[in-house]
1. Six or more apart or on different chains, Cβ atoms under 7 Å: show the pairs whose first residue is in the range 15-37 and at negative phi and of a type in the set (D, E, K, R) and whose second is assigned to a helix (DSSP H, G or I) and surrounded by 13 or more Cβ atoms within 10 Å (Cβ to Cβ).
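The values are calculated or read from the model by the stated rules, or taken from the named source; none is laboratory data. Just so we're clear, the structure is a prediction, and the values are computed from it rather than from any experiment. Cβ sites come from the backbone with ideal geometry, for glycine too, and all protein chains shown count toward neighbours.
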Amino acid sequence: MQRVGGNMIAVMDVAPEHTSRYGVLSPGREDGRLIEVKGLVEKPKPADAPSTAGGHRSLHPGAAAVRACSIASDARAPAARSS
């Protein structure tokens, strides 16, 4: 993962009705199993969730404002919701 730097977090594809239980990613560009993270939405209502990529995370203290972070996933990337 030398090519990305920054923070790495692992997420799972959560059921849309369960997004309010997790922090959910606002995804950006995809590169294989890596996905750019444009933001994190804490426990959004299903109608407001930007994707179904969610989970619990522990970020480095310097990552209070997530600007560009990548995730790795063993499953295919969950689709982002269209606006």
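1. So the pair list comes out as GLU17/PRO46.
Conditions tested, residue by residue: (1) surrounded by 11 or more Cβ atoms within 10 Å (Cβ to Cβ); (2) basic (Lys, Arg); (3) at pLDDT below 90.
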{"site": "SER20", "(1), (2), (3)": "yes, no, no"}
{"site": "ARG33", "(1), (2), (3)": "yes, yes, yes"}
{"site": "ASP48", "(1), (2), (3)": "yes, no, no"}
{"site": "ALA79", "(1), (2), (3)": "yes, no, yes"}
